[in-house]
Amino acid sequence: MTALSIRDLTIDIGRPLVRGISLDLEAGRIQGLAGESGSGKTLTSLAVLGLLPRQARTGGSITLSGTELIGMRRRQLNRVRGKRVAMVFQDPSASLHPQLPVGRQLTDHMRVHLNLKKDAAKARAIELLEIVQVPNPAEALKRYPHQFSGGQRQRIAIACALACDPEVLLADEPTTALDVTVQAGILRLLRDLAIERNLAVLLVTHDLGVMSAIADDVAVMKNGEIVERADRETLFLSPQHEYTRTLLAALPGSKIAEADAEHQEVAVETPREEEATDE
């Protein structure tokens with residue numbers, strides 16, 4: 001089932017930055033959106049929640065279960081943000097209030113959107129921290145963000161995003177600020193949540209290694225356009241666009257990188273052979 005549909009989306013901030021892209025996010029699946037910095041991938045995710053700069057001009061359509069989001073009034077959008085569509089940002093420190101305990105941040109969110117009483121919100125907060133595997137969740141509610149590791153802060157940020165059972169989760173470079181071993185745990189968590197909670201996930205990242213771990217489908221952006229899209233296996237085994245091949249070649253152990261290296265070795269050796277013949 002399609003949870004979120006993007007059609008012919010354009011974003012102009014002094015110049016065209018996103019040029020008529022279309023994507024569908026399906027419940028229970030992770031749609032990857034890959035590209036280098038400046039490709040327009042993060043702007044696309046921000047457009048879903050109406051978080052673009054004021055001077056931005058948008059065109060096209062973004063529908064959430066049939067409801068048009070582009071042009072929606074701020075008050076209506078506030079009912080969508082966090083409740084039906086939630087976002088996990090790259091740096092959890094920027095999305096968690098440093099002066100409020102974790103429990104307050106979780107429960108306030110639920111009391112606003114779900115109208116829960118204090119005790120019910122607290123019980124739900126403990127449950128969410130258990131789901132995202134934060135140790136000693138009841139005690140964790142009393143602690144402040146700086147008292148957790150980077151990986152635990154990102155898990156708490158994910159718990160905040162899940163608090164109101166959203167239909168769609170936008171994850172913008174959710175593991176970039178974390179070390180490799182912590183990244184793996186966060187990626188497994190996102191994969192499990194998509195399946196168990198039937199979440200439609202948009203995973204935005206420049207790292208195709210991250211995509212290869214959990215994305216079901218991948219779209220590749222360059223200069224504001226989608227240049228290639230395919231299911232994960234097809235894209236990684238048989239990339240069609242040169243830009244996709246370039247991104248894949250940058251991955252450690254990439255077969256494309258090995259093939260390119262062999263080609264370069266042959267190219268370097270050939271002139272030497274010719275020089276030897278001339279002598």
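Our analysis of the range 197-247 gives Rg over Rh at 0.96, with the two radii drawn from alpha carbon positions and Rh computed by the Kirkwood formula. Here the range 119-189 is treated as an ellipsoid with the same Cα gyration tensor; its semi-axes, largest first and in whole Å, are 20, 16, 9.
Binning the C-alpha pair distances of the range 3-54 at 5 Å intervals from 0 yields a P(r) profile of 5, 17, 30, 28, 13, 5, 1, 0 %, listed from the shortest bin outward.
Seen against the Cα atoms of the chain and their longest principal axis, helix 255-278 is set at about 20 degrees. Considering only Val182, Val220, Val88, the mean-square fluctuation computed in a Gaussian network model of the chain, springs between alpha carbons under 10 angstrom, is largest for Val182. The Kirkwood hydrodynamic radius of the chain, based on inverse pair distances between different Cα atoms, is 20.3 Å. Taken over the Cα atoms of the range 11-132, the convex hull encloses 150 Å³ per residue. Residues considered: Leu169, Leu69, Leu190. Largest GNM mean-square fluctuation over the chain, using C-alpha springs under 10 Å, is found at Leu69. Taking Cα atoms, how many degrees apart are the long axis of helix 180-196 and the longest axis of the chain, rounded to 10 and kept between 0 and 90? Once rounded, one gets 60 degrees.
Placing unit charges on C-beta atoms (Lys and Arg positive, Asp and Glu negative, everything else neutral), compute the dipole magnitude of the range 86-202 about its Cα centre in debye, rounded to 20. Let's see the in-between values first.
Numbers: 13 positive and 13 negative charges, 88 e Å.
It works out to roughly 420 debye.
Each eigenvalue of the Cα gyration tensor of the range 87-162, multiplied by 5 and square-rooted, gives one semi-axis; in descending order these are 18, 13, 11 Å. The trypsin sites (Lys or Arg not before Pro) found in the range 22-92 that occupy coil by DSSP, while having at most 11 further C-beta atoms within 10 Å, are Arg54, Arg73. Straight-line cross-link reach from Lys41 at under 22 Å between alpha-carbon atoms covers these lysines, not counting any fewer than eight positions away in the same chain: Lys222. Report, to the nearest 10°, how far helix 102-114 tilts away from the longest principal axis of the Cα atoms in the chain, using its own Cα long axis and a range of 0 to 90°. Once rounded, one gets 80 degrees.
Relative contact order, whole percent, for the range 12-138 stands at 14, derived from Cα pairs under 8 Å and 6 or more residues apart.
Taken about its Cα centre, the range 1-128 carries a charge dipole of about 600 debye when Lys and Arg each add +1 at the Cβ and Asp and Glu each add -1 at the Cβ.
No lab work stands behind these numbers, since they all come straight from the coordinates. In this text, all values refer to a predicted model and were calculated from it rather than measured experimentally. So basically every Cβ, Gly included, is an ideal-geometry build from the backbone, and we count neighbours across all protein chains shown.
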